[in-house]
Amino acid sequence: MDNLARPYRSVLYIPGSNERALEKAKTLPVDAIIFDLEDAVAVDAKAGARGTLAAALAAGGYGQRFQIVRLNGMDTEWGAADLDTIAAIGPQAVLLPKVGSAAEIEAVAAKLDTVPACAETRIWAMMETPQGILNAAAIAAAPRMGGFVMGTNDLAKELMTRFRADREPLLTSLQLCLLAARAAGIAIVDGVYNAFKDEDGLKVECDQGRDMGFDGKTLIHPAQVAIANAAFAPTPADVDLAERQIAAFEAAEAEGKGVAVVDGKIVENLHIVTARQVLAKAAAIAALES
Ligand code: COA
Ligand code: MG
């Protein structure tokens, strides 16, 4: 499936060292999984997690869930071995943490180019440092790029912001990354909501991310999946409106007109592009869930 046509409503982090969670993920209705070798894995467990994860991915069982492996940074003592081990299994995507420049993506892309199993492998980037945010446009346009993951915890730390429910201190960074992702035609998913037992708070933050234009949200716990799936899917009302807009516009066109009116609002060609995207996304989700 084309990179942007597939849904990324729910993107669940799983510590690469946690065999129980690796097994559990096979049954969860998530659109994508980030198998983590970086911050969710303790230093002493790094080498073991690499092997555990490579074996689990090679064995498979994750169905249509898009599989992304978060590596340790290439400037750490584990990064190069992570890349070697994971590249050998030809992953769908590798996710690089704390990306600061397009050159970092280019270096990993050059390495993947030498591995035949990685012909289709995409690179995703964690956007979580001031330097990375300022270089977002160049990073998004780098070779093999498939998507951005907002690392809002690291970013808040680097910016020295305080937590606010409305995320006002982070909005400029989120929107710069959205601009860069959309300009380059790559996917972009929002940061995690730390209070994983607070369903109301999660829902508010999912809706904010959806309104801004994110494709979905990164998650840390299975209890968050259903809320993200609902928030980032077109609603039945969205689908109904899209169908009526398309029908009205086609009828107007048949009469030689360039605009239609639906529910008291003007419908032009550009609205039809959005309407068709809504229907395509609803169909892709239905196909995933069937
Ligand atoms: N992915 C898959 N399964 C998960 C999971 C995850 N991220 N988090 C929890 N589970 C599973 C547990 O294994 C448990 O499964 P079981 O019913 O088969 O035993 C079930 O969900 C319930 O888990 P629960 O007891 O409520 O949570 P916990 O106390 O075991 O774990 C966290 C809580 C936060 C430590 C855990 O959710 C986690 O590690 N999340 C990911 C953190 C991460 O990756 N951070 C890096 C990016 S921010
Ligand atoms: Mg981080």
Exercise for the section: Identify the single condition in (1) within 16 Å of ligand 1 (Cβ to nearest atom); (2) among the charged types (D, E, K, R); (3) in contact (Cβ under 8 Å) with a residue 12 or more places away in the chain that ARG144 does not satisfy, given that it satisfies every other one. Expected result: (1)
Practice task
Kindly establish whether ALA45 is touching a Cys at 6+ places or on another chain (Cβ under 7 Å), assigned by TED's automatic domain parsing to the domain that holds GLY100, at negative phi and at pLDDT 95 or above.
Solution key: no
Problem - Yes/no for SER17 being of a type in the set (Ser, Thr, Tyr), modelled with pLDDT under 95 and under 25 Å from GLY73 (Cα atoms) - result: yes
Handout entry: Residues located in the stretch 228-264, provided they are among the β-branched types (Val, Ile, Thr) and either free of Cβ contacts under 8 Å to residues at least 12 places away in the same chain or crowded, with 21+ Cβ neighbours inside 10 Å (or both)
Key = THR235, VAL259
Exercise for the section: Check every one of the helices (runs of 4 or more DSSP H) wholly within the stretch 117-170 and list those with 2 or more residues that are in the same structural domain as ILE186 (by TED's automatic domain parsing) and away from ligand 2 (no atom under 13 Å from the Cβ). Expected result: 130-134, 136-140
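Each row is one residue, and each column tells you yes or no for (1) within 12 Å of ligand 1 (Cβ to nearest atom); (2) of a type outside the set (Phe, Trp, Tyr); (3) surrounded by fewer than 23 Cβ atoms within 10 Å (Cβ to Cβ); (4) at pLDDT 95 or above.
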| site | (1), (2), (3), (4) |
| --- | --- |
| VAL11 | yes, yes, no, yes |
| ASP31 | no, yes, no, yes |
| PHE35 | yes, no, no, yes |
| VAL69 | no, yes, no, yes |
| TRP78 | no, no, yes, yes |
| GLU106 | no, yes, yes, yes |
Exercise for the section: Assess whether VAL43 counts as being within 16 Å of ligand 2 (Cβ to nearest atom) and surrounded by fewer than 13 Cβ atoms within 10 Å (Cβ to Cβ). Expected result: yes
Exercise for the section: Consider LYS98 carefully, then state whether it is at pLDDT 95 or above, within 16 Å of ligand 2 (Cβ to nearest atom) and at positive phi. Expected result: yes
Fill in the blank from the handout: Given (1) within 16 Å of ligand 2 (Cβ to nearest atom); (2) crowded, with 17+ Cβ neighbours inside 10 Å; (3) farther than 25 Å from LEU4 by Cβ, THR85 misses just (1)
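The values are calculated or read from the model by the stated rules, or taken from the named source; none is laboratory data. Note that this is a predicted model, so its numbers are computed, not measured. A quick note on method: Cβ atoms are made from the backbone with ideal geometry, for glycine too, and the neighbour counts reach across all protein chains shown.
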